[in-house]
1. Measuring from centroid to centroid over Cα atoms, what is the spacing of region 92-169 and region 1-49 in Å?
2. Using only Cα atoms and rounding to the nearest 10 degrees, what angle (0 to 90) does helix 90-120 make with the longest principal axis of the chain?
3. Given the peptides 231-237, 125-131, arrange them by the average over their residues of other C-beta atoms within 10 Å, most packed first.
4. Can you tell me the order of 26-34, 151-159, 187-195 when each peptide is scored by its average per-residue count of other Cβ atoms within 10 angstrom, highest first?
5. Counting Lys +1, Arg +1, Asp -1, Glu -1, what net charge surrounds Lys2 among other residues with beta carbon under 14 Å of its beta carbon?
6. Mind putting a number on the dipole of the chain about its Cα centre? Charges go on the C-beta only, +1 for Lys and Arg and -1 for Asp and Glu, and I need it in Debye to the nearest 20.
7. May I ask what percent, to the nearest 5, of DSSP beta bridges between residues of region 1-95 are antiparallel?
8. Helix-derived [θ] at 222 nm for the chain: sum -39500 (n - 2.57) over DSSP H runs of at least 4, divide by residue count, nearest 500?
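Just so it is clear, none of the values below were taken in a lab; they were calculated from the coordinates. Note that the structure is a prediction, hence the values are computed from the model and not measured. Please note: Cβ atoms are built from the backbone with ideal geometry, for glycine as well, and neighbour counts cover all protein chains shown.
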Amino acid sequence: MKIDLHIHTSTGSDGALPIEEVFLEAKNRGISFLSITDHDAIEHQGGAIELAAANKIRYVTGVELNVTFTHNNRSVALDFLGYGYDYKNRLLNEKLRIIRDHREIRAYQIIENLNAEFKKESRPLFTDTDLKKMQEGVDGILSRPHIADYLIKKGVVGSRQEAFDKYLVKCDVPKYPLSPEEAAVLMKGAGGKIVLAHPNDPNGTSLVSITKDLKEQTKIVRERMLEYIDGIECWHSRSDKATTMHYTEFCEKHNLIMTGGSDCHQKPILMGTVEVEDWVKAQF
């Protein structure tokens, strides 16, 4: 059985493929249990449920929420995954619209900051035409990975990593300040579950920004997050065996659900490549 509970699409956020193609690929790869977890976007969940039924794939509603966690008086970005919620819930939809509006404003502000850097380097500035070209093929909200791809296309940088290292970290603008408490209230109010995503991701939004020590990470989770979360993403495309073992043991001890997924953005296509235990399905 193949399970993947962390997949992104171009329909909702920063994946490369529209949701229809994601389901076709999932069917071809023999995935039997799936969740679309686009960033702050749930408008297409009804369509996902229909596509899952058409392709005979079991489905659970999903979303990825970026939260602002305070640790030692420092703000740290983390990702929470929401599962099994009512995608028609009014309060959840209203809050996500506010967050997505902020993401759009943030993207324009990042581009303004990029132009300030270009000016220092005597580079041509991005114009309205560039903005339109950036948005071509982006069904969701323009985000930093889309801007990075455009920087590559324009020959400003050679890779996404270079785009972030040279420009996008420096030119970043704060995301909407959603607290773990508010995320939990929203998701649970919509009948869903909250899961801490990729806690030890070395290249992503994770507790690694606080500490690389697994025991220290779970100490933070135990002392600061257990009242908010229902589970932890124990299997991930960038999780090693030590991470998976540590977090599954922690979840067993604290009666938390365990999830897993590729975090596939189709760059390349990773869906279905993470070995998630079959019994994970029974938790839903």
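1. Using only Cα atoms to place each centre, the spacing works out to 24 Å.
2. The two axes meet at around 40 degrees.
3. 231-237, 125-131
4. 187-195, 26-34, 151-159
5. So the surrounding residues net to 0.
6. Dipole of the chain, to the nearest 20 debye: 320 debye.
7. If we restrict to bridges inside region 1-95, about 60 percent are antiparallel.
8. Helices in the chain give a 222 nm mean residue ellipticity of -11500 deg cm²/dmol.
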